[in-house]
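Input: a single structure, listed below in structure tokens.
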Amino acid sequence: MALARTKRSDVIRRFLLSGIKSKNSNILSDAMEAFEISRQAVHAHLSALIQQGYLVAAGNTKGRTYQLGVNRTESSIFALKNLQESDVYYNNFGSIFADLPREIESICHYGFTEMLNNAIDHSLGAEVFISVERTAEKIAITIMDDGEGIFNHIARLMNLQDPRESILELSKGKLTTDPDNHTGQGIFFTSRAFDEFFILSGDLAFSHVDEYEDDFLLHRERDQKGTKIYMEIFLNTNRVLKAVFDEYTGNEEQDYAFNKTVVPVKLALYEGERLVSRSQAKRILNRIEKFETVLLDFKGVDMIGQAFADEVFRVFVKRNPQTLIHAINQNVDVDKMIKAAKSGG
């Protein structure tokens, strides 16, 4: 019985919020008629929404008006066929993003539309679930499709032996399975524009958390059907989208090309592995000749083998003089191996 009352209350309050979003001046009488409740009951629901931060009220009881509060939430399921990401952003979720600081809204618009476009163009799914929640502290966006799954999709089209290799490729950027229509930059830049970014698909998860300045490969016990993307940004951030782009793009003489990347080497480490072989090195090196500058981040890597170091820092460098490779965050042991490879020892 209590559950039924809770569900009915939720429906009534969603009805009220929807009416206030659409600026329906008759929302009180419409709610009374639709749910066969008294004016006093409608005001009780409005008061609850004010208490929860979903509404703010102005004026006295008789002439009171309502506006959306700091807490806002919206979710819906959409058919992917012929879906337009910008229309969904503005028409279905515009009230969530309204009145945000300009730079934060730019980041939300970029990430939302890029990730939804990926689901539309690449997921091979039928539907997508989208949820956006805004509080006084942050905005959280979830986009979840019912398609093939991003890691399996990339592995299949790029002939990768293991879906885990897809995560390493995503972290580099410039990865696209449809080069005629996509640059492959969306996931790379979105993951760095938000404070937290997660992709879950199958039993794998890729995450980039700004606080740790790191990418992670996680294994999950539970399988995620299709692809689920979660993005979170704090409203007190001073991040600027242009600065995120500028960090990895060239100058005017280089046509502002996406020419720099950071490769988290530890993503090539699978359970119990050590980076010792040339084949492991080639996982790291795959496609990096597309960049002018590559920072190989050895954070979390305890050691590398002679063959691995030689393949990266001597053989590849000799064959690809157009690409500059720099090691960062390496420990003493890794640094010794790199120096030995560079000297040909």
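Determine, yes or no, whether residue 111 is closer than 20 Å to residue 192 by Cβ and buried (at least 19 other Cβ atoms within 10 Å of the Cβ).
On the way: closer than 20 Å to residue 192 by Cβ: yes; buried (at least 19 other Cβ atoms within 10 Å of the Cβ): yes.
Against the criterion (closer than 20 Å to residue 192 by Cβ and buried (at least 19 other Cβ atoms within 10 Å of the Cβ)), residue 111 qualifies.
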For this session: Examine the stretch 249-264 for a residue that is in a helix (DSSP H, G or I), surrounded by fewer than 19 Cβ atoms within 10 Å (Cβ to Cβ) and modelled with pLDDT of 85 or more, and state whether such a residue exists.
Result: no
Problem set entry | Pick from the stretch 268-296, criterion charged (D, E, K, R) and touching a residue at least 60 places away in the same chain (Cβ under 8 Å), ranking: nearest to residue 331 (Cα to Cα) | 283
Problem set entry | residue 144 vs. criteria under 30 Å from residue 55 (Cα atoms) and either surrounded by fewer than 23 Cβ atoms within 10 Å (Cβ to Cβ) or not β-branched (Val, Ile, Thr) (or both) | yes
Exercise. Can you tell me which residues in the stretch 187-228 are in contact with a Lys or Arg (Cβ under 8 Å, 6 or more places away or on another chain) and in a helix (DSSP H, G or I)?
Worked result: 188, 193, 210
Seminar exercise, completed: Flagged pairs (Cβ under 8 angstrom, 6 or more apart or on separate chains; first in the stretch 77-104, more than 18 Å from residue 127 (Cα to Cα) and among the β-branched types (Val, Ile, Thr); second part of a helix (DSSP H, G or I) and at pLDDT 95 or above) are none
For this session: Give the residue that is nearest to residue 124 (Cα to Cα), with candidates limited to residues of the stretch 139-190 that are among the small types (Gly, Ala, Ser) and at pLDDT below 90.
Result: 155
Exercise. So how many residues does the stretch 46-56 have that are farther than 14 Å from residue 14 by Cα and assigned to a strand (DSSP E or B)?
Worked result: 1
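Of the residues that make up the stretch 8-17, is at least one closer than 26 Å to residue 132 by Cα, over 37 Å from the mean Cα position of the chain (by Cα), hydrophobic (A, V, I, L, M, F, W, C) and at pLDDT 85 or above? Outline the logic, then answer.
Pass one, the stretch 8-17, residues closer than 26 Å to residue 132 by Cα: 8-17.
Pick out the ones that are also over 37 Å from the mean Cα position of the chain (by Cα) and you get none.
No, there is no match, as no residue in the stretch 8-17 is closer than 26 Å to residue 132 by Cα, over 37 Å from the mean Cα position of the chain (by Cα), hydrophobic (A, V, I, L, M, F, W, C) and at pLDDT 85 or above.
The values are calculated or read from the model by the stated rules, or taken from the named source; none is laboratory data. Not measured: the values here are computed from a predicted model. Positions of Cβ are generated from backbone atoms using ideal geometry, with glycine treated the same way; all protein chains shown enter the neighbour counts.
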